[in-house]
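*Asks:* Below you'll find the structure I mean.
The values are calculated or read from the model by the stated rules, or taken from the named source; none is laboratory data. Small disclaimer: the values here were computed from a predicted structure and weren't measured. Here the Cβ positions follow ideal geometry from the backbone for every residue, glycine too, while neighbour counts run over all protein chains shown.
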Amino acid sequence: MQLDVRDATLTFGAVTVFSGFSAHFESGRVTALVGPSGSGKSSLLAAMSGHQPLASGTIELRAAPDGPPTAPSPQLVAWVPQGSNALGRRSVLDNVLIAALGAGLRLRAAETAATEALTMVGLADRLGQQARKLSGGELQRVALARALASGKELIFADEPSANLDAANTDRIAGILSRLSGRATIVVATHDPVLVAAAHAAVHMRREARHAA
Amino acid sequence: MQHDGWRLGYLAREATRNVLGRGSRLLPLLALAILAGVGSSSFIAYETVRLRDEIAQLDVQGQYVLVYRSTSTSAPAQISRASCESLAGQDGVRHAGLLTPVSDMDLLPVGVGLPAQRASTTLVPELSRVDVLIGPVLAGSGAASADRSASAFRVKTGTSETATAVVPTARPEALATDFSVTLPLLPADVDGPQCVVVLRALSDPARAGDLHGAALAVEGNPVTATRPFIATNDPVDTYLHRPGRWLPLLLALVGALATGIASRLRASEMAVYRLSGTSRTSVLTLLALETLLIAGTAGLCAVAAALALRDRYLDPLIPVTWGLAMAGVWAVGGLLATTDLALRRPTNLAKDR
C-alpha cells in the first residue's frame with residue numbers, strides 16, 4: 001500500500017500545523033518522518049489514518065502504483081502510539097489478540113497470528129504475563145506486535161523509541177527493519193537510530209504557529 | 001458508520017474478560033453491583049417488615065376493629081346473633097360476632113371475682129375447642145401462668161365443675177380478651193347489644209363501617225359503627241410515600257456514575273482498541289456489553305435476594321421490579337457516561353492515563 005500526500009494543510013482553529021506539505025511513502029518500506037517538535041509529525045499520521053481531516057489538500061492510498069486511490073480510514077491503519085498504552089490487566093497475548101480479532105480472524109487463527117507476532121518481536125516467552133508487569137521497551141514491542149497481528153498494510157508508529165534506552169531503541173529499529181516488505185511503515189521520530197534503520201526519510205519543518 | 005472485523009461473540013468475550021478477568025479494574029464495580037442488588041431487595045424487605053410490625057401493633061391496639069352498638073346509651077339495640085356472625089364470611093373480615101359482658105366469675109386456680117364476657121366462636125375461634133379463655137393479664141398472676149404458652153389446661157369454676165382453658169395470643173384490646181375470662185355464647189343468646197367486627201389488616205375501617213352495618217338485623221335503636229382506636233398516622237400512606245423507596249434508583253445513578261468514572265480511568269485502554277483498528281461502533285458495543293454485564297449483575301442479585309426473602313414482601317414482584325428498574329437505569333446511565341470514549345479521537349485517548 002503506497003501513500004501520497006499532496007499540498008496538505010492542517011489547522012487547529014487559528015493555528016496552522018503544516019501547509020502545502022507533499023510526500024510519497026513507498027509501499028512495503030520503512031519511511032522515517034523527521035522534524036522538530038511541533039512540526040506536525042503526529043498530526044500528519046493522524047490525518048493519514050483518517051483520524052484528523054485536512055483543511056486542504058489530498059491524501060491518497062493505493063494498493064498498487066496504478067491502482068484506484070482510496071481515502072484514508074482508521075480501519076486501514078495499525079497505529080503504534082507514543083508511550084506504553086496497553087490493556088494493563090490483560091495478558092500479553094490478549095493485548096495482541098484484539099488486533100487480530102478486530103481484523104476479522106476467528107479465535108484460533110487470531111491466537112496463531114498473535115503468537116507469531118509476539119515471537120517476531122521477541123516476546124514469545126511472555127504470552128501469559130500481565131501487560132502491566134512489562135517494561136516500557138517491552139510494551140512498545142507489544143504495540144508493534146499488535147500492529148503486525150492486525151494484518152494491516154499500513155503501520156504508523158509515533159515516536160516508538162520515546163523514553164526507551166539505547167538497547168531497547170536498537171531492538172525496535174531491528175524489528176522495524178525486519179518488517180519491511182510486510183507493510184508500509186511510517187515512523188515519526190527524532191531518533192537517529194530509527195532514521196538510520198529506515199529506507200527513506202521525509203522531513204517536516206515547523207510552521208509559523210498562527211495564521212494571519 | 002465505521003466497520004471492522006469484530007464479531008459480536010468475540011466482543012462479548014472481550015467484555016467478559018475486561019469485567020471478570022484477574023485483577024480487572026472493573027471488579028470493584030462488579031462488587032458494587034452485587035451490593036446494590038442485594039442491598040436494594042434487602043432494604044425493601046426491611047421496610048416491609050417494619051410496615052408489618054407497625055400494622056401488627058396497630059392491629060393489637062384495635063385499628064381494624066369496628067364495634068356496632070346502639071346510637072343511644074340509654075336505649076340499647078338488640079343485634080341478631082346470626083346477622084352479626086354472618087359478617088365473618090364477608091370479604092375483608094377476619095372475625096365477627098357478638099361480645100356480651102356477663103357478671104364476674106370465680107375460676108380456680110386463676111382467681112375469684114374475675115371480669116367475664118361471652119363471645120361468638122366466629123369472633124374468638126379458640127372457643128370452639130375449649131370452654132374458657134383466660135386473658136394473659138389474669139393468667140400472669142396465677143398458677144395457670146406456667147401453661148401460658150402451652151395447649152389447653154384444666155380449671156375449676158366456682159361451682160366445682162371442671163373446664164378446659166387456654167391463654168389466647170394477643171388480640172385487639174377492644175375485644176378485652178387480655179384481661180377477661182371469655183366464654184362461648186349460650187344457645188339462648190340469639191341477640192346482643194354489640195357486634196364486634198375484626199377487619200383484615202390494611203383494610204379501610206371507615207369504608208367497611210357502613211358496608212357491614214347495613215347487613216346487621218337490629219331491633220330497638222339503630223346501631224352505628226364505632227372505632228375503639230384510631231391511629232393518628234397511616235403507616236401504609238407513610239410506607240407508600242417514604243423517600244427510601246427511591247433507593248434502588250439512587251443506587252443505579254451511583255452505579256452509572258461509578259461506571260463512567262471507571263471507564264475514564266481506562267481511556268488509554270480504549271485507545272488501544274481504537275488504534276489497533278477497532279471501529280467506534282465496536283468500541284461502543286464493547287462498552288455497552290461491559291455496562292450491561294455489570295448492571296445485569298445488579299439486577300440479577302436484586303432478583304435473587306428478592307427470591308430468598310420472598311416471604312417478607314407484600315408482593316415479591318415489588319423488589320423484582322425495582323431491581324430490574326435499577327439495572328435498566330444503571331445500564332442506560334452508565335452507557336451515556338461512557339459514550340464519549342468511543343467518539344473521542346484515539347490519539348487523544350492514548351494520552352489519558
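*Asks:* From the list A:Val34, A:Val30, A:Val77, which residue is in contact with a strand residue (DSSP E or B) (Cβ under 6 Å, 6 or more places away or on another chain), modelled with pLDDT under 90, of a type in the set (Val, Ile, Thr) and buried (at least 20 other Cβ atoms within 10 Å of the Cβ)?
*Replies:* Answer to the selection: A:Val77.
*Asks:* Does A:Ala117 qualify as being at pLDDT below 95, crowded, with 24+ Cβ neighbours inside 10 Å and within 12 Å of chain B (Cβ to nearest Cβ)?
*Replies:* yes
*Asks:* Kindly list, by first and then second residue, each pair from a residue in segment B:74-92 that is touching a residue at least 40 places away in the same chain (Cβ under 8 Å) to a residue that is among the basic types (Lys, Arg), limited to pairs with Cβ atoms under 9 Å and residues at least 6 apart or on different chains.
*Replies:* Close Cβ pairs satisfying both conditions: B:Pro76/B:Arg69; B:Ala77/B:Arg69; B:Ile79/B:Arg69; B:Gly92/B:Arg200.
*Asks:* Considering only residues that are of a type in the set (Val, Ile, Thr) and farther than 16 Å from A:Ala46 by Cα, look in segment A:148-176 and name the one that is surrounded by the fewest Cβ atoms within 10 Å (Cβ to Cβ).
*Replies:* Among them, the one singled out is A:Ile175.
*Asks:* Further, regarding this structure: Would you call B:Thr338 crowded, with 20+ Cβ neighbours inside 10 Å and on the phi < 0 side of the Ramachandran plot?
*Replies:* Taking the combined requirement at face value, the residue satisfies it.
*Asks:* For segment B:296-328, enumerate the residues that are buried (at least 22 other Cβ atoms within 10 Å of the Cβ) and either free of Cβ contacts under 8 Å to residues at least 12 places away in the same chain or under 22 Å from B:Leu20 (Cβ atoms) (or both).
*Replies:* The answer is B:Thr297, B:Ala298, B:Gly299, B:Cys301, B:Ala302, B:Ala305, B:Gly323, B:Met326, B:Ala327.
*Asks:* Right, another one. From the list A:Ala100, A:Ala109, pick out the single residue that is within 14 Å of chain B (Cβ to nearest Cβ), in contact with a Gly (Cβ under 9 Å, 6 or more places away or on another chain) and part of a helix (DSSP H, G or I).
*Replies:* So the residue among A:Ala100, A:Ala109 that is within 14 Å of chain B (Cβ to nearest Cβ), in contact with a Gly (Cβ under 9 Å, 6 or more places away or on another chain) and part of a helix (DSSP H, G or I) is A:Ala100.
*Asks:* Tally up the residues in segment B:21-60 that are within 14 Å of chain A (Cβ to nearest Cβ), part of a helix (DSSP H, G or I) and in contact (Cβ under 8 Å) with a residue 60 or more places away in the chain, please.
*Replies:* Within segment B:21-60, residues that are within 14 Å of chain A (Cβ to nearest Cβ), part of a helix (DSSP H, G or I) and in contact (Cβ under 8 Å) with a residue 60 or more places away in the chain number 3.
*Asks:* Considering only segment B:229-249, how many residues are buried (at least 16 other Cβ atoms within 10 Å of the Cβ) and either in contact with a strand residue (DSSP E or B) (Cβ under 8 Å, 6 or more places away or on another chain) or without any contact (Cβ under 8 Å) to a residue 40 or more places away in the chain (or both)?
*Replies:* Qualifying residue count for the region: 1.
*Asks:* Has segment B:74-82 got any residue that is surrounded by 15 or more Cβ atoms within 10 Å (Cβ to Cβ), in contact with a Pro (Cβ under 8 Å, 6 or more places away or on another chain), modelled with pLDDT of 90 or more and not assigned by TED's automatic domain parsing to the domain that holds B:Met270?
*Replies:* yes
*Asks:* Here's something else I'd like to know. Give the residue, chosen from B:Ala350, B:Ala288, B:Ala331, that is within 30 Å of A:Pro74 (Cα to Cα), buried (at least 21 other Cβ atoms within 10 Å of the Cβ), among the aliphatic types (A, V, I, L, M) and in contact with a Leu (Cβ under 6 Å, 6 or more places away or on another chain).
*Replies:* B:Ala331
*Asks:* Separate question: Report whether or not B:Tyr64 is in contact with a helix residue (DSSP H, G or I) (Cβ under 7 Å, 6 or more places away or on another chain), within 11 Å of another protein chain (Cβ to nearest Cβ) and surrounded by 15 or more Cβ atoms within 10 Å (Cβ to Cβ).
*Replies:* no
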